[in-house]
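The structure appears right after this line, and notes come after that.
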Amino acid sequence: MSPSPTIACVVPCHNEEAAVGKVVRDLRAALPEADVYVYDNNSTDRTAEVAREAGAIIREEPRKGKGNVIRRAFADVDADALLIIDGDDTYDASRAREMVDLLFRGPYDQVLGARRGTTGSAYRAGHSFGNRLLTGAVRVLFGNDVTDMLSGYRVLSRRFVKSFPALSREFEIETEMTVHALNLRLPTTEVSVDYRGRPAGSESKLRTYRDGRRILGVILNLARRERPSLVHALVAGLLAMAAVVLGVPVIVEFLRTGTVPRFPTAILAAALMIIATLVLLVGYILASVMHLRQEHSRLVHLAYPAPAASARRRPAPAPPPLPVPVPVSRAAGEGSGPAAGAPGSVTGRPRPSGTA
């Protein structure tokens, strides 16, 4: 009988006493076979106690930031499917079964819960616009496979988790996970899920402008790291254009009069063109390094089985039984084979006494 796939739920929490109990209960109702881990991220209230009473396994991560929690959880938790959901009860945890089954059925490496606001308080002022802006930037730079890059509700395969470096410290972690999937072209799908306002007593940890600037910085940094040829080509192009604008009048003057009256401008134009060439060459070198790193990440990813492999394994069929010889009787003196009863005869019956 094939083993059942293992499922784990990770709930990052910082001061979510008012909501985490319901999230844990909803997850246990939707996925009774799953282990629910609540990571207490330096909470000062009763988050850990409430989660433990609801049936969760409590882990602690003292370094503040959701990215630090995900990094720790990915290292500690081992499962065929790992579900991540915020502990503020803004996502519909009852959809967990649907998302996990879709991951195995695909098979996919990531199932993303694309948010659909159900109340006016679901999105704070500026959050919806910022989400669309940042998601659009990622779609332009890395691909069009996502519509809600910043969703905190997703299911990941084991090979996604174990091949993901998790370098971010705070809310940029969702951007990093999305770019990881797009960059390696991992099979990803989306499920539209309800997104509602926080319950009374729960306060958002997201700061619109501060975290928006940080996420935008992460996108630009990822573009520099993951698309170095594009970024360096743009910078080299701007420098080359400046060199041309400065240098063309000097060249025209030289062709007309045979003199170079503006030596500083000529030197600056030549220097800018040399720098542009060097920037372009560095971009090509970094693109080769990035290609090697992608190959390594891809090989690490392929070292783990597909999400549905553990659910599809079947015991090897038993080998067919060996053929059993069937006794065949021969009439005495019939045919040219050995006589009945002689050594090597099929029947082995003794001859009647007194016969030749």
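The values are calculated or read from the model by the stated rules, or taken from the named source; none is laboratory data. Small disclaimer: the values here were computed from a predicted structure and weren't measured. Every residue, glycine as well, gets a Cβ built from its backbone with ideal geometry; the counts of neighbours run over all protein chains shown. Just so you know, the surface numbers come from the protein's heavy atoms only, side chains and all, with ligands and any DNA or RNA stripped out. Shrake-Rupley method; radii C 1.70, N 1.55, O 1.52, S 1.80 Å.
General remarks:
- Of all residues making up the stretch 31-63, the number that are without any contact (Cβ under 8 Å) to a residue 60 or more places away in the chain, farther than 23 Å from Glu98 by Cβ and in a loop (DSSP other than H, G, I, E, B): 8
- If you go through the stretch 143-163 and pick out every residue that is more than 14 Å from Val10 (Cβ to Cβ) and assigned to a loop (DSSP other than H, G, I, E, B), you end up with 9.
- Beta carbons closer than 7 Å, at least 6 apart along the sequence or on distinct chains, pair a first residue in the stretch 67-80 that is over 17 Å from Thr178 (Cα atoms) with a second that is assigned to a helix (DSSP H, G or I) for Ala79/Arg158; Asp80/Arg158; Asp80/Ser310.
- Every pair of residues 6+ apart whose Cβ atoms lie under 6 Å, when the first sits in the stretch 188-200 and is within 21 Å of Thr147 (Cβ to Cβ) and open to solvent by 50 Å² or more (accessible area, probe 1.4 Å) while the second is at pLDDT 90 or above and part of a loop (DSSP other than H, G, I, E, B): Arg196/Thr90
- Which listed residue, of His301, His296, is exposed (fewer than 12 other Cβ atoms within 10 Å of the Cβ) and either more than 27 Å from the chain's Cα centre (by Cα) or not in a loop (DSSP other than H, G, I, E, B) (or both): His296
- Checked across the stretch 90-107, the condition of being buried (at least 19 other Cβ atoms within 10 Å of the Cβ), in a loop (DSSP other than H, G, I, E, B) and in contact with a helix residue (DSSP H, G or I) (Cβ under 7 Å, 6 or more places away or on another chain) holds for no residue.
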